[in-house]
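Visitor: Quick one: the structure is below, and I'll ask about it shortly.
The values are calculated or read from the model by the stated rules, or taken from the named source; none is laboratory data. Please read all numbers here as calculations on a predicted model, not as lab measurements. Cβ coordinates were reconstructed from backbone atoms using ideal geometry, including for glycine residues, and neighbour counts include every protein chain displayed.
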Amino acid sequence: MENYIPKWHKELELFTKVKPLIILEGNVLDSYQYPSKDGGILFTPRLSQYLDYFFKDAGYQNVIFYDNLRGFYNDFDADAIKIFANLAKEDGNLNKSKFSGTGTTAPEIIRNALAQNETSTVAVMDFASRYIITPDHMEQAEIDSFTRLLQSSLETLKNRLVLIVNKVNDLPAWFYLQNPNVKIITMGFPSKEERENFVKGEKKFPNFFRKNVRENQMPYYEKHPEELLKLQDRFIALTEGLSLKELNSLKQLCKNECDNIRDMCDIVDLYKYGIRENAWKNLDREKITPATFERRVKGQNAAISKTLDIVKRAITGLAGLQGSSHSRPKGVLFFAGPTGTGKTETAKTLAEIIFGDENSCIRFDMSEYSQSHSDQKLLGAPPGYVGYEAGGQLTNAVKKNPFSVLLFDEIEKAHPSIFDKFLQILEDGRMTDGQGNTVYFSESIIIFTSNLGIFTADKFGERSANVTIEMPYEEMSVKVHQAIEDYFKINLGRPEILNRIGENIVVYDYIRPNVAEKILRAQLNKICKNLEADKKISVSFSDNAFNVLLESAKGNLSNGGRGIGNIVESFFINPLSRYLFDNNIDSDAQITVADIKISSINAELIIGK
């Protein structure tokens, strides 16, 4: 397969000719495939050796490297340091040069060397993100050092200065903003074409497997090339966002662990999550039915139907086919509607059905993330900040259990800055935490819940109902959809977030009176069943007693299922507890509730004989 030259290499070729100061940021700690003139790969070095070869190839006579620990050096050219010292007119030991402080600093030496025009020279400053603690609180000596580098780029004609940083904002903003002499080049992870070049080809793909596996199984794939192509394409899609070093680690892991060529994609899970068994492959599909959900979520047929469509799309691997990323979360859902209608319960049911335990539903109350620095709580504080060692609440949870339902409750209460993080998660399926670890979301379901659209507020902040229980579900659903769209497009000014969610907005209906009876019966049956199992106390109801609770529940439907639960607690559990306590009943009893008397103070059970 023909070699693919990465975009950053082409940019470097182009802008080295016209820009005296180049800043390389992004994936700078990787290895890189250096292209040969015949379209192949010459060798695969780390960035410093790549740049030495690149600039020598481009005609520069001398390349020198610098970092704050080693000073000036070139491990690939024994004469480079001597030539550079002569150009800079320095007699001292350049290996001990510091970026700032007392004595002759590295920026002074670089400025002197780049000011001459006899020998074309490139100075590459490696690990430049580590020269200062923070670009916002620099000492004067550090400011002076960056100023000298800036002067170097302004004064030189044919020489070049290159800074290698993790992120460009590790440098002071005044150094590169509105500076026409600077070109910032972002080094991304290997593209799809680069990964194809790494995996496909007669001399490349067989190297993923041990000799005996190749000899036994490759003849089959040679006769069935379409199956081989499908396998390779899936592997290429699953490795999106991995560095070349990680791809090489995958190749070695595949060689060590793969007994069958068809299992090579499972090695990606082993590499990312440390597990072989993928919960999505062990699903009991017979449980993915409306009846399973309706046992726990009452009266939400339309919402459950749409939720199941999205989940089935994820299970069959059809989620996200329209997009370019194959590493997005398995499913994204936006549950909207009145409070207490079953949004959280649906998420827990999903977790139990798919991952075998409702505790795999990890809930985040977004009202706790309303401050501007809240993203650090989710993803972890950066190095040097309080809480760095603890990591982020979200990233820690996903590292511990990548196969989970992530429930972000009342998303509209989160600080707007957090939506930037959600955009990356929804688009790329991964996030780098404060400690520099990559966390993958590609095996999770992400659910946002919201009460948006239930009320509207005027310019004075006064709330009024946007939808009511008297509205039919279809009308209510349209109004809620519109309110959500207005919120993201107009109020928040972030239509791209809505685009990532797409058509996955699921609107929950009000708890209607006929549904209230089902919920009430379900709650009472659960309580009585638990009493029977734990204390051998049997409780039954007369129709009259049940109807008292039902009428009270119907009068509190504005709070949904929670309101019914509050009625049960106030008018049944509390008086039952009082009756058991007052009559010294601890176990082994049969109780019939003949009636319930409700007063303004409390409720009293009338026990039948």
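Visitor: Any residue at all in region 13-29 that's more than 25 Å from residue 128 (Cβ to Cβ) and without any contact (Cβ under 8 Å) to a residue 12 or more places away in the chain? So that I can check it myself, show each step before the final result.
Guide: Just the residues of region 13-29 that are more than 25 Å from residue 128 (Cβ to Cβ), to begin with: none.
Checked against the condition, which is being more than 25 Å from residue 128 (Cβ to Cβ) and without any contact (Cβ under 8 Å) to a residue 12 or more places away in the chain, region 13-29 yields no hits at all.
Visitor: Could you please give the count of residues in region 16-34 that are surrounded by fewer than 16 Cβ atoms within 10 Å (Cβ to Cβ) and not charged (D, E, K, R)?
Guide: Here is the first cut: in region 16-34, the ones surrounded by fewer than 16 Cβ atoms within 10 Å (Cβ to Cβ) are 17-18, 29.
Narrowing the set further to residues that are not charged (D, E, K, R) leaves 18, 29.
The qualifying residues number 2.
Visitor: Now, a different point. Being more than 45 Å from the chain's Cα centre (by Cα) and closer than 15 Å to residue 142 by Cα is the filter here, so list the residues in region 98-121 that pass it.
Guide: Across region 98-121, the qualifying residues are 103, 104.
Visitor: Can you spot a residue in region 565-575 that is among the charged types (D, E, K, R), surrounded by fewer than 17 Cβ atoms within 10 Å (Cβ to Cβ), out of contact with any Cys (no Cβ under 9 Å at 6 or more places or on another chain) and modelled with pLDDT of 90 or more? First the steps, then the outcome.
Guide: Initial filter on region 565-575 (among the charged types (D, E, K, R)): 569.
Within this subset, residues satisfying the condition of being surrounded by fewer than 17 Cβ atoms within 10 Å (Cβ to Cβ) are 569.
Next, from what is left, pick out any that are out of contact with any Cys (no Cβ under 9 Å at 6 or more places or on another chain): 569.
Those still in the list that are modelled with pLDDT of 90 or more too: 569.
Yes, there is a match, as at least one residue in region 565-575 is among the charged types (D, E, K, R), surrounded by fewer than 17 Cβ atoms within 10 Å (Cβ to Cβ), out of contact with any Cys (no Cβ under 9 Å at 6 or more places or on another chain) and modelled with pLDDT of 90 or more.
Visitor: State which residue pairs qualify: first residue over 13 Å from residue 270 (Cβ atoms) and at pLDDT 90 or above and inside region 226-252, second residue in a helix (DSSP H, G or I) and hydroxyl-bearing (Ser, Thr, Tyr) in any location, beta carbons under 6 Å apart, and separation of 6 or more residues or different chains.
Guide: Final answer for the pair search is 228/221.
Visitor: Given the options 76, 127, 84, name the one that is on the phi > 0 side of the Ramachandran plot and touching a residue at least 24 places away in the same chain (Cβ under 8 Å). Full working, then the answer.
Guide: Details: 76 fails: on the phi > 0 side of the Ramachandran plot; 84 fails: on the phi > 0 side of the Ramachandran plot.
Exactly one residue qualifies, and that residue is 127.
Visitor: Would you say residue 216 is surrounded by fewer than 18 Cβ atoms within 10 Å (Cβ to Cβ), under 30 Å from residue 516 (Cα atoms) and at pLDDT 90 or above? Steps first, answer last, please.
Guide: On the way: surrounded by fewer than 18 Cβ atoms within 10 Å (Cβ to Cβ): yes; under 30 Å from residue 516 (Cα atoms): no; at pLDDT 90 or above: yes.
So residue 216 fails the test.
Here's the yes/no breakdown for (1) assigned to a helix (DSSP H, G or I); (2) over 30 Å from residue 154 (Cα atoms); (3) under 34 Å from the mean Cα position of the chain (by Cα):
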site: 17; (1), (2), (3): no, no, no
site: 22; (1), (2), (3): no, no, yes
site: 25; (1), (2), (3): no, no, yes
site: 42; (1), (2), (3): no, yes, no
site: 50; (1), (2), (3): yes, no, yes
site: 55; (1), (2), (3): yes, no, no
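Visitor: For region 233-276, what are the residues that are polar (S, T, N, Q) and within 22 Å of residue 432 (Cα to Cα)? Write out each step before concluding.
Guide: Keep residues of region 233-276 that are polar (S, T, N, Q), which gives 239, 243, 248-249, 252, 256, 260.
If the condition is that a residue be polar (S, T, N, Q) and within 22 Å of residue 432 (Cα to Cα), then 239, 243, 248, 249 are the ones that fit.
Visitor: Those residues that are of a type in the set (Ser, Thr, Tyr), buried (at least 16 other Cβ atoms within 10 Å of the Cβ) and within 37 Å of the chain's Cα centre (by Cα), I need them from region 122-173; list them, please.
Guide: Passing the criteria: 129, 131.
Visitor: Checking the condition in contact with a Pro (Cβ under 7 Å, 6 or more places away or on another chain) and either over 30 Å from residue 467 (Cα atoms) or not β-branched (Val, Ile, Thr) (or both), which residue from 603, 594 passes? Outline the logic, then answer.
Guide: Numbers: 594 fails: in contact with a Pro (Cβ under 7 Å, 6 or more places away or on another chain).
Among 603, 594, only 603 is in contact with a Pro (Cβ under 7 Å, 6 or more places away or on another chain) and either over 30 Å from residue 467 (Cα atoms) or not β-branched (Val, Ile, Thr) (or both).
Visitor: Which pairs have Cβ atoms under 9 Å, sit 6 or more apart or on different chains, and link a residue in region 522-533 that is in contact (Cβ under 8 Å) with a residue 12 or more places away in the chain to one that is surrounded by 11 or more Cβ atoms within 10 Å (Cβ to Cβ) and charged (D, E, K, R)?
Guide: Note: pairs meeting the criteria are 522/296; 522/298.
Visitor: Any idea which residue in region 174-211 is surrounded by the most Cβ atoms within 10 Å (Cβ to Cβ), counting only those that are of a type in the set (Asp, Glu) and in contact (Cβ under 8 Å) with a residue 40 or more places away in the chain?
Guide: The first filter runs over region 174-211 and keeps only residues of a type in the set (Asp, Glu), leaving 193-194, 196, 202.
Imposing the further condition that a residue be in contact (Cβ under 8 Å) with a residue 40 or more places away in the chain reduces the set to 193-194, 196.
Working: 193: 16, 194: 21, 196: 17.
Here the residue is 194.
Visitor: Just name the residue that is nearest to the chain's Cα centre (by Cα) out of those in region 57-67 that are within 23 Å of residue 97 (Cα to Cα) and crowded, with 16+ Cβ neighbours inside 10 Å. Don't jump to the end; show me each part of the working.
Guide: Pass one, region 57-67, residues within 23 Å of residue 97 (Cα to Cα): 61-67.
Subsequent filtering for residues that are crowded, with 16+ Cβ neighbours inside 10 Å retains 62-67.
Numbers: 62: 43, 63: 39, 64: 39, 65: 36, 66: 35, 67: 33 Å.
Of everything passing the filter in region 57-67, 67 is nearest to the chain's Cα centre (by Cα).
Visitor: Report, by residue number, each residue of region 409-433 that is farther than 18 Å from residue 272 by Cβ and either touching a Ser or Thr at 6+ places or on another chain (Cβ under 8 Å) or among the acidic types (Asp, Glu) (or both).
Guide: 409, 410, 411, 412, 413, 414, 415, 417, 418, 420
Visitor: Just give me the residues in region 473-496 being free of Cβ contacts under 8 Å to residues at least 40 places away in the same chain, of a type outside the set (Lys, Arg) and touching a Gly at 6+ places or on another chain (Cβ under 7 Å), in sequence order.
Guide: 483
Visitor: Which members of region 253-287 meet the condition of being without any contact (Cβ under 8 Å) to a residue 24 or more places away in the chain, surrounded by fewer than 13 Cβ atoms within 10 Å (Cβ to Cβ), acidic (Asp, Glu) and farther than 30 Å from residue 342 by Cα?
Guide: Within region 253-287, 277 is the sole residue that qualifies.
Visitor: Among 351, 319, 314, which is the only one that is modelled with pLDDT of 90 or more and in the same structural domain as residue 410 (by TED's automatic domain parsing)?
Guide: Working: 319 fails: modelled with pLDDT of 90 or more; 314 fails: modelled with pLDDT of 90 or more.
Testing whether each residue is modelled with pLDDT of 90 or more and in the same structural domain as residue 410 (by TED's automatic domain parsing) leaves just 351.
To keep it simple, each residue is scored yes or no on (1) under 21 Å from residue 27 (Cβ atoms); (2) modelled with pLDDT of 95 or more; (3) out of contact with any His (no Cβ under 9 Å at 6 or more places or on another chain).
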| residue | (1), (2), (3) |
| --- | --- |
| 100 | no, no, yes |
| 129 | yes, no, yes |
| 136 | no, no, yes |
| 163 | yes, yes, yes |
| 166 | yes, no, yes |
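Visitor: Next question. Could you identify the single residue in 329, 290 that is at pLDDT 80 or above, surrounded by fewer than 19 Cβ atoms within 10 Å (Cβ to Cβ) and in contact with a helix residue (DSSP H, G or I) (Cβ under 8 Å, 6 or more places away or on another chain)?
Guide: Working: 329 fails: surrounded by fewer than 19 Cβ atoms within 10 Å (Cβ to Cβ).
290 is the lone residue from the list that is at pLDDT 80 or above, surrounded by fewer than 19 Cβ atoms within 10 Å (Cβ to Cβ) and in contact with a helix residue (DSSP H, G or I) (Cβ under 8 Å, 6 or more places away or on another chain).
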